[in-house]
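The values are calculated or read from the model by the stated rules, or taken from the named source; none is laboratory data. Note that this is a predicted model, so its numbers are computed, not measured. Note that we place each Cβ from the backbone using ideal geometry, even for glycine, and neighbour counts take in every protein chain shown.
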Amino acid sequence: MRKYVKVLFMMAMAVVLTVAAGIKTQAAETSAVTANLVGAEEDGTNVTASTYKIEENSGGAIKIPIQVSQAGAVNIDTTIFTQAGTSITGFISNVENPSGMQDVLQYGINTVRDSKCSLNFSVYTENAGKLYLLLSLDKTHQSVSADIQVKAYIKTVTTGRALKSGEWENGYGHYKTPAYYPVNAKSSGLLKINATGDGISVVLCNSKKQEVSDSFSSGISYAGVRKGTYYIKVKQSGAYKLQYTFTAVKEKKNYKSKKAVTLKSGKKETGVFACDDAKKKKTSRWYKITVPSNKTIKVQIDRQGALNPMFLSLYQKSGKKLKLYTDGTLKNKKKNTGKIKVEKGTYYMELESYGYIGTYSIKWK
């Protein structure tokens, strides 16, 4: 399979290089299309198309300059009207006379059906200047004519900014330029991130912009954090919306059994499993309970976050492990309740997580 994909890729490269060489010698430059700035959520519908023509017996190629007024994502929508069955190759270059693939920013191939086909491009430019749209008809149809419509427009690429908790961001992204949104957590707690956009990828980063969570897609996701600076990293090609809220949660540093927190019957304790806890080997939370008489006790854990597996174990003071949940595994739901009959005495509970990030509460009676 890999060999087959590689062969297809090399064939595509060969086609583009051949076309590049042909256009360099055959295509005459035309009047430029001006790419104007539009809003992040606009799709170019209201942009006026510029019209061009490949004349019969002219070599079947054309080069169209795109005048870019500022940095951003330049969208170039092309519609070609010509003989059905014609294969159209197009690519975007930032040099007037490209000499090979090193000058190609993006390329595409399409075949005309019912006398019409489209080629759409989106490239990121760091400066104002010119781009070049190069179109070529396949060798079999180089003698035919073609009518061409081109729309070009710029969208400012969002790079990120400081958002207030609950504030919405309406952004526009390009896959080459991720956006970073700083979050200053003043205590331990829970980040609730709401992101929408086709194909969007959201990752939480530490203060050095190093990724510390799995990638989230469109929708609501959660991340447990501690006091400090974080960044919400967004990768998206197109419009998106982003919002976060932060809820502070009290926790204690009961990572070892000798630091176990005394948990009284009917009382609730809260805690956090943060994004980088597994890396820092902070995968356990310990609690100490005293059962006044022989009885059946019930332990309840509520959690808010990614519902990955967690584990809860009950130990006698001697260190002997008792079963509280089947295999000690909490089900992947927000509320988990376990029961066990025990004798009077002191016990320790260990709550473990190697993948869950979020907040929780625990109580027993």
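Side notes on the structure shown:
Rundown of residues vs (1) more than 30 Å from Thr79 (Cα to Cα); (2) in contact with a Ser or Thr (Cβ under 6 Å, 6 or more places away or on another chain); (3) crowded, with 20+ Cβ neighbours inside 10 Å; (4) outside the structural domain of Gly271 (by TED's automatic domain parsing), yes/no style:
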residue	(1), (2), (3), (4)
Arg161	yes, no, no, yes
Ala185	yes, no, no, yes
Val202	yes, no, yes, yes
Lys208	yes, no, no, yes
Glu211	yes, no, no, yes
Ser221	yes, no, yes, yes
Arg226	yes, yes, no, yes
Gln236	no, no, yes, yes
Ala239	no, no, yes, yes
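Residues are listed down the side, and each one gets a yes or a no for (1) surrounded by fewer than 17 Cβ atoms within 10 Å (Cβ to Cβ); (2) modelled with pLDDT of 95 or more:
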{"site": "Ile232", "(1), (2)": "no, yes"}
{"site": "Thr245", "(1), (2)": "yes, yes"}
{"site": "Lys256", "(1), (2)": "yes, no"}
{"site": "Thr262", "(1), (2)": "yes, yes"}
{"site": "Gln304", "(1), (2)": "yes, no"}
{"site": "Asp327", "(1), (2)": "yes, no"}
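- Residues of region 114-128 classified as of a type in the set (Gly, Ala, Ser) and under 20 Å from Asp43 (Cα atoms), total: 2
- Residues of region 329-358 satisfying the condition of being crowded, with 16+ Cβ neighbours inside 10 Å, in a strand (DSSP E or B) and modelled with pLDDT under 80: Asn336, Gly338
- A Cβ distance below 7 Å, combined with a sequence gap of six or more or placement on separate chains, defines the contacts here; from region 244-265, residues that are in a helix (DSSP H, G or I) reach residues that are surrounded by 14 or more Cβ atoms within 10 Å (Cβ to Cβ) in the pairs Ser257/Trp286; Ser257/Tyr348; Lys259/Trp286.
- Those residues of region 93-107 which are in contact with a Gly (Cβ under 9 Å, 6 or more places away or on another chain) and either buried (at least 18 other Cβ atoms within 10 Å of the Cβ) or at pLDDT 95 or above (or both), in sequence order: Tyr107
- Counted residues, region 48-62 - those being touching a helix residue (DSSP H, G or I) at 6+ places or on another chain (Cβ under 6 Å) and either under 27 Å from Val157 (Cα atoms) or aliphatic (A, V, I, L, M) (or both): 1
- Tally, over region 44-78, of residues that are assigned to a strand (DSSP E or B) and of a type outside the set (A, V, I, L, M): 11
Yes or no, residue by residue, for (1) among the β-branched types (Val, Ile, Thr); (2) over 34 Å from the mean Cα position of the chain (by Cα); (3) more than 16 Å from Thr30 (Cα to Cα):
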site: Gln67; (1), (2), (3): no, no, no
site: Thr82; (1), (2), (3): yes, yes, yes
site: Lys130; (1), (2), (3): no, no, no
site: Ser136; (1), (2), (3): no, yes, no
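- One residue stands out in region 222-244 among those that are of a type in the set (Ser, Thr, Tyr) and farther than 17 Å from Gly173 by Cβ: the one that is nearest to the chain's Cα centre (by Cα), namely Tyr222.
- For the residues Tyr180, Tyr124, Tyr231, the requirement of being assigned to a strand (DSSP E or B) and within 30 Å of Thr48 (Cα to Cα) singles out Tyr124.
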